[in-house]
Structures are given as C-alpha cells and as structure tokens.
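All remarks here apply to the structure that follows.
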Amino acid sequence: MKKIGNTGFVKGFLSLVVLGALVFAGISFGKPYYRYYELGSLTRDFLKTDVGDINAIRKNIMDNAAELHVPLDEGDLEVVVDKKVVKVRATWSETVDFWGYYQKKFDFVMEEEY
C-alpha cells in the first residue's frame, strides 16, 4: 500500500508553491527599482539633447514618470540650469505590499547631471 508522501507529490507541490511565492516577491520588490533605473535612463537621454528649457525638461520627466507609474510630484522635482550644466534631482517613495502581510517602503533619490 502506497502513501501519498512516499510518491513525492506533496513535497513537489510544496516546492512549487514556495518557488511561486519567491518569484512573486522578487517581481513585486523589483518593480520599484526597475522604474527608478528606467526613469533615470530616460532623463539622462533627454538631458543629452540640446534642450536648455527648464519647463521642457520638467514636462518630459513628469510625462515619463506618469508613463512608468512613478509617484513623483511636481514639488519633489528640482531642475537647475547652471551655465552649460543641467542638474536634476527627484525624490519619491513607493510602498510594496506583499498580500497585506508585509509592507516595505522604498525611498528613491534620482540625481542626474549633464
């Protein structure tokens, strides 16, 4: 007479559940960092163009942040043009919720200069 535990079904099923939870957690906690790096990359690329208008730079960054779902407010974005150097500083926070059991708050500071 075989028992269910001897066939390895339960062990395999539990391993798949744990693996699925780890993948979900990795994706959930990785999304804010992906958005941070993507917004920084888009900002660096835009700063390399010859646009020296502060309003155009602010609009581009805010549009990119909205497209990436980055919770960036106008007040948290600083753009300074000093001679030929453009400095951008943006700060925001994101909270990741792991099925209501665990919440983690991430604070981001993006500083780009060109």
Checklist entry - What is the pair-distance distribution P(r) of the range 37-114, computed from all Cα-Cα distances in 10 Å bins starting at 0, with each bin given as a whole percent? => result 17, 51, 21, 8, 3, 0
Checklist entry - Measuring from label point to label point, each 7 Å out along Cα→Cβ, what is the residue 84 to residue 99 span in nm? => result 5.6
Checklist entry - Taking N as the number of residues in the range 1-72, what is its Cα Rg relative to 2.2 N^0.38 Å? => result 2.05
Checklist outcome for this item: A 1.4 Å probe over the protein heavy atoms gives the chain a carbon and sulfur accessible-area percentage of 57
Checklist outcome for this item: Within the under-13-Å Cβ sphere about residue 106, not counting residue 106, Lys/Arg +1 and Asp/Glu -1 give a net charge of +1
Item to check | Normalised contact order of the chain, rounded percent, pairs of Cα under 8 Å and 6 or more residues apart | outcome: 22
Checklist outcome for this item: Each label sits 7 Å from Cα toward the beta-carbon; between residue 58 and residue 113 the label points are separated, in nm, by 2.2
Item to check | CD proxy at 222 nm, helix term only [per DSSP H run n ≥ 4: -39500 (n - 2.57); per residue of the chain; nearest 500] | outcome: -17500 deg cm²/dmol
Checklist outcome for this item: Restricted to pairs 8 or more residues apart or on different chains, the lysines in the chain with C-alpha atoms under 16 Å apart form a number of pairs equal to 9
Checklist entry - Taking only Cα atoms, what is the 0 to 90° angle, nearest 10, from helix 54-68's long axis to the longest principal axis of the chain? => result 10
Checklist entry - Considering only protein heavy atoms, what per residue accessible area in square angstrom results for the chain with a 1.4 angstrom probe? => result 72
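The values are calculated or read from the model by the stated rules, or taken from the named source; none is laboratory data. All of these numbers come straight from a predicted model, not from anything done at the bench. Cβ sites come from the backbone with ideal geometry, for glycine too, and all protein chains shown count toward neighbours. Protein only, heavy atoms only, side chains kept; ligands, DNA and RNA dropped before computing areas. Shrake-Rupley method; radii C 1.70, N 1.55, O 1.52, S 1.80 Å.
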